[in-house]
Each structure stands twice: as structure tokens, then as C-alpha cells.
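Before any comments, here is the structure.
The values are calculated or read from the model by the stated rules, or taken from the named source; none is laboratory data. These numbers come from a predicted model, not from an experiment. Here the Cβ positions follow ideal geometry from the backbone for every residue, glycine too, while neighbour counts run over all protein chains shown. Note: accessible area is taken over every heavy atom of the protein model, side chains too, but ligands, DNA and RNA are not part of it. Shrake-Rupley method; radii C 1.70, N 1.55, O 1.52, S 1.80 Å.
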Amino acid sequence: RLFWPPQDFTVLLLLTMNDGGGQNSRAGQACTIQSSNNAAKALSHLETSSFEDLASAMCKRLTADRETAARQIQEVQTAQRNLEEKQRFLDETEKRIFEIDDGADEIVELNVGGQLMSTRRSVLCSAECSLLAGMFSGKFDKNHKRDKDNRIFIDVDPPLFAKLLSHLRLRQIASPDCPAPLPHVPDDMRPEYEMVVKFFGLETFMYGDAGASSNIFQRIAELTNVPQAKLQSHDVLRLMLSSTGGVPATHHEEVLGAHGFHERSLENSYGALPNIITIRFQQHRIRVEAMELRAKTSDIVAHMSHQWEFRHGSETIKMSFNFSPVQRHTGRLETPRLGPAFVNEVAWKFPKDFCLEHIVLHGRVLVEARN
């Protein structure tokens, strides 16, 4: 039985339950609402109340709850409107910061680390929402440091900034059929170059349009119009082994083809430990997101390491897979711990032997300018 008292009295909920053995048991739960009356008086009131009284009390409670809910909804809606107004203000502020003032075609004279450079303001502002675009939007010209000839001074190594500026210029005339290649950066300059790219907020602008994730070797074959199994023969990449056995070196590149080897494998010289497979990309930079390896069934037990290190540019992660005669293909192995940088070299370091029929890399590809 459920007794619903008027407001400010004790609610007594009596539940009659079957205990499973044919006997009825009674459980009671009391919820106390602040009241100056004692429990006995409340029970007496319940017993003498009519159904009309109880229904009236229930309606009053429901009405009060509706009013409370309506107030809470109104408060939430007000808070939401305030947030939307603040967001509009932030968006307008950001737009004003990055919006180029009159004079997009104005020639900007720069002193970059002591070397004079000049370009149009629109080129410097082409990477929208980047720090570089904000710096040269025209809103902060008075705050720039300048040399004695009133040129804007940028304290960055000239060769590094020159490569960025060249890429920004190429992006002005690029098209989907002819995208702007990434600057060619020597390995000894690469760390400093990446720091400058990150400082000016150009990572997304330069690396974010690499297209959808796909089979890297297949994508490179499409971009170069070269058979996927002959990428090394056409100087698109170099595949190098620290020691070699199995198929002749002239056929090593076939492990990267659409289907890899069949009953043959890319192998080290058994007994030479550790063993490294290195792939250097000659015309592209890649960002690996996953890989697949397939081992040779007949040699898998004796000559396939279950653990390896994968080097992606300057980063290295540890990976593993329990190869067996019935499980010789890893399937897709993600590499989530790698950073967002695009690199031109990857490598596998196996502590023992390896015998691979197929290597697949999944990720994104960017065309790199050549010397």
C-alpha cells in the first residue's frame, strides 16, 4: 500500500512482497520531510485523510516539482545563451586578429637572422589561424622588432625560414593535380626545421592535407606511376638490410608489392644478430599509423622474432606479435605512440632472425621536393 501524505509530513512507504514461499512479508521505508509534528501525529493524519486530500497533496507536489524543473531549465538555457555569446565574442576576436588589414598585396620587408627577404603580406598570412598569419595580419605591426632600416626582424636561422617561405609561395599556385611539395631538408637540419614549423603554428597547414590514411607503398606507386613491387628499381625508395640471406638483393623490393613473396621471404643471414631492415624514401615523407607483417610459414618457428623495435624518423617504439605456423600474419598493428611528424626513413630492428614475405605500412604520404 502506498500512502502519499500532504507536504511537510512523514512519507511512509509500505511494500507488501512475496518471499517466494507463499508467505507475505512486510518491508517499510520511511523518508522524513522536515516537520514539527511527530510521527504518531503524521500517521494519524494519514489514516484520517480522504483520497481527495491525498490527491490534492499529490497535485500540489507535482505542481511544485514542475515549477522547480521549469526554473532549472530556464537557468540552463540562460547559461547556454551566455556561453554562446562568449563563443561568438571569441570567434569575432579571433577573426579580427587573423583578418588581414587593407594591403594584402603589400610587400613586407623582412630581416631574417641578418638576411634580407621580402614577400607579399598575403603569403605570410596564407596559413590561416597560425601564429605566422597572426603576426603579419597587420594588427600587430607596431609591436614587431625592427632593424635600423625599419625592416621587421625575425630571429630565426635564414635557411630554415627560407624553406618555409618558399613552401608558402608554392602553395599560392598549387592545385589538387599539382600539390606543393614539402621543402627538402637535410637530415642534420631536420630537428631545427621541425621546431621552427611548430613555433610558427604551421604543422596542420603543412602536414594536415596529406590525404586519407592508406597503404603507403600503394599510394607512392600511384603518385609516381611506378609498379608497387619495383619502387627501389625506379629510385623511389631504398630498402636496406644489415645482413641478407634468402632471395637476392635485387628482388628485396618485392616484399613491398601488393602481395609480397610467395614461399620465399626477405631474410637476414641467419646467426647475424641483431638484424635491421631500413627503408629510406627518396621522394616522399610519410607518417606511419599502422603496419602489417607476414612471415614465411616454413621458417616461422626457428627464424621469426616475436619482438622488434620500430624506428620512425627519430622516434622508436617497441612492438611484438606471437608468430606461429597458424598465425603468420599480424593483421593491422597500430602505432599510436608515434608523433605527428612526417619522416623519410623507417626501420625495424629484430633481436634475432626474421623471414618476412610481406611488409605493409598504413598512413599518409607527402611529396617532398628534390635537390
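One table, with the values for the structure above:
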read-out: Filter result for the condition that a residue is under 25 Å from TYR207 (Cα atoms), within 26 Å of the chain's Cα centre (by Cα) and in contact (Cβ under 8 Å) with a residue 40 or more places away in the chain, over ARG332, ARG337; value: ARG332
read-out: Residue selected from region 229-271 under the condition without any contact (Cβ under 8 Å) to a residue 40 or more places away in the chain and assigned to a strand (DSSP E or B), by the criterion farthest from PRO351 (Cα to Cα); value: GLY245
read-out: Selection within region 272-284 - part of a strand (DSSP E or B) and either open to solvent by less than 10 Å² (accessible area, probe 1.4 Å) or out of contact with any Asp or Glu (no Cβ under 8 Å at 6 or more places or on another chain) (or both); value: ASN275, ILE276, ILE277, ILE279, PHE281, HIS284
read-out: Among (1) within 30 Å of LEU293 (Cβ to Cβ); (2) modelled with pLDDT of 95 or more, the one test that PHE161 misses; value: (1)
read-out: Residue among THR224, THR204 that is β-branched (Val, Ile, Thr) and farther than 19 Å from LEU361 by Cα; value: THR204
read-out: Entirely in region 299-371, the strands (runs of 3 or more DSSP E) that have 3 or more residues that are crowded, with 17+ Cβ neighbours inside 10 Å; value: 307-312, 345-350, 355-367
read-out: Number of the condition not met by PHE136 [criteria: (1) at pLDDT below 95; (2) surrounded by fewer than 17 Cβ atoms within 10 Å (Cβ to Cβ)]; value: (2)
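Okay, residues lined up against (1) open to solvent by 80 Å² or more (accessible area, probe 1.4 Å); (2) within 26 Å of the chain's Cα centre (by Cα):
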position: VAL156; (1), (2): no, no
position: ALA162; (1), (2): no, no
position: PRO186; (1), (2): no, no
position: ARG190; (1), (2): no, yes
position: GLY201; (1), (2): no, yes
position: PHE205; (1), (2): no, yes
position: GLN228; (1), (2): no, no
position: HIS234; (1), (2): yes, no
position: ARG238; (1), (2): yes, no
